[in-house]
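**Student:** Have a look at this one.
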Amino acid sequence: MTAASGGRRRKGMGHMSFNVAIDGPAGAGKSTIARAVAKKMNLIYVDTGAMYRAMTLLVLREGADLQDKEKIVGICRGAKITIRYEDGEQVVVLNGENVNGFLRTEEVGNLTSSVVSRIPEVRERMVKLQQELAACSDCIMDGRDIGTCVLPDARLKIYLTASSRVRAMRRYHELLDRGVESDPEKIQKDIEERDYQDMHREISPLRQAEDAVLVDTSEMSVEEVISVISQLCREAGAAP
Ligand code: DC
């Protein structure tokens, strides 16, 4: 497994990278915000959820019994996963294939949360890959365990959240914009279930690191959040 960061700000040996960790529950807007702040601050954006999702995709493609942890671990051990950057966008390469287009389905999201991301052997591999990426690049990395586990020494840690109602309504409007009707109550229930799974799993549960700045976006616009986090990056020493 390798971390191929072809992006900006690649570091040579002996340089300390500037790393920002963003954690928070599903639907808090982490990826939208992290992507925008990365662009503004000239950092590489690392989406760790996509790495876990890629492992789930492989498990689904192999048709594995989802109760069979040994089998899932075997499949993940045999997988070659790398990350590269194209026009500033992260591409997840699974066994030689760009799988970005297959990662954002409900099925992959739910199984990642309920099965694959709970397996210690899978997490070990992902954490190592993420740490390699962070060691060689100035980056902003989002996930669930970045500030608490992957990058305990990150220069800046942010815990980005919003009420489950607000997150559900944002998702509802996003779907509506794409012409998809949905039930906000059901979306909210799914979000709360995902929160519970992410916060109560045995290994690396989602929680705010002690030294993380809490940003509750329930009453904020996307632009306001980007501006607040960019300012926090500047204060932490980012030089765009
Ligand atoms: O951020 P996301 O929705 O793409 O993440 C999908 C799932 O992956 C999420 O429910 C929990 C898991 N995940 C994790 O356990 N640790 C991370 N660092 C990132 C994601």
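The values are calculated or read from the model by the stated rules, or taken from the named source; none is laboratory data. As the structure is a prediction and not an experimental result, all values here were calculated from the model. FYI the Cβ positions are ideal-geometry reconstructions off the backbone, even for glycines, and counts take in every protein chain you see. Calculation scope for accessible area: heavy atoms of the full protein, side chains included, ligands and nucleic acids excluded. Shrake-Rupley method; radii C 1.70, N 1.55, O 1.52, S 1.80 Å.
**Student:** Given region 148-236 reduced to its alpha-carbon atoms as identical point scatterers, what log10 I(q)/I(0) does the Debye formula return at q = 0.15, 0.17, 0.20, 0.22 Å⁻¹?
**Tutor:** -0.74, -0.90, -1.07, -1.14
**Student:** Report in % the part of the accessible area of region 108-240 that belongs to carbon and sulfur, leaving out ligands and nucleic acids; probe 1.4 Å. Each step should come with its number before you reach the end.
**Tutor:** On the way: 3340 of 6590 Å².
On region 108-240, the fraction of accessible area on carbon and sulfur atoms equals 51 percent.
**Student:** Round to the nearest 0.05 the FRET efficiency obtained for Arg104 and Glu185 when R0 = 22 Å and r is the Cβ-Cβ distance.
**Tutor:** Details: r = 22 Å, r/R0 = 1.02.
Efficiency computed from Cβ-Cβ geometry: 0.45.
**Student:** Then there's this: Excluding residues fewer than 8 places away in the same chain, name every one of the lysines whose C-alpha is closer than 26 Å to that of Lys71.
**Tutor:** Reachable lysines: Lys80, Lys128.
**Student:** In addition: Can you work out ³J(HN,Hα) from phi for every residue in region 150-165, in order, using Karplus 6.51 cos²θ - 1.76 cosθ + 1.60 and θ = phi - 60°, giving whole Hz and x for Gly and Pro?
**Tutor:** Going residue by residue, I get 6, 10, x, 9, 3, 5, 9, 10, 10, 10, 9, 9, 7, 4, 5, 4 Hz, with x marking Gly and Pro.
**Student:** Each residue of region 16-30 in turn: what ³J(HN,Hα) in whole Hz from Karplus with 6.51, -1.76, 1.60 and θ = phi - 60°, glycine and Pro shown as x?
**Tutor:** Rounded to whole hertz, the list is 8, 6, 9, 10, 10, 9, 10, 10, x, x, 4, x, 7, x, 4.
**Student:** Pull up the cross-link candidates among the aspartates and glutamates for Lys186, meaning alpha carbon to alpha carbon under 17 Å and not fewer than 8 places away within one chain.
**Tutor:** Glu106, Glu107, Glu174, Asp195
**Student:** Could you give the size of the charge dipole of region 14-163 about its Cα centre, using +1 on the Cβ of each K and R and -1 on the Cβ of each D and E, expressed in debye and rounded to the nearest 20?
**Tutor:** On the way: 19 positive and 19 negative charges, 46 e Å.
Dipole magnitude for region 14-163 comes out near 220 debye.
**Student:** Also, I was wondering about something else. Just subtract the alpha-carbon distance of Asp87 and Arg234 from 0.36 nm times their residue separation and send over the number in nm, one decimal.
**Tutor:** Computed gain between Asp87 and Arg234 is 50.5 nm.
**Student:** Hey, another quick one. Per residue, what accessible area does the chain have, given a 1.4 Å probe and all protein chains present, in Å²? Provide the component values of the computation, followed by the final result.
**Tutor:** Numbers: 11720 Å² over 240 residues.
Heavy-atom accessible area per residue stands at 49 Å².
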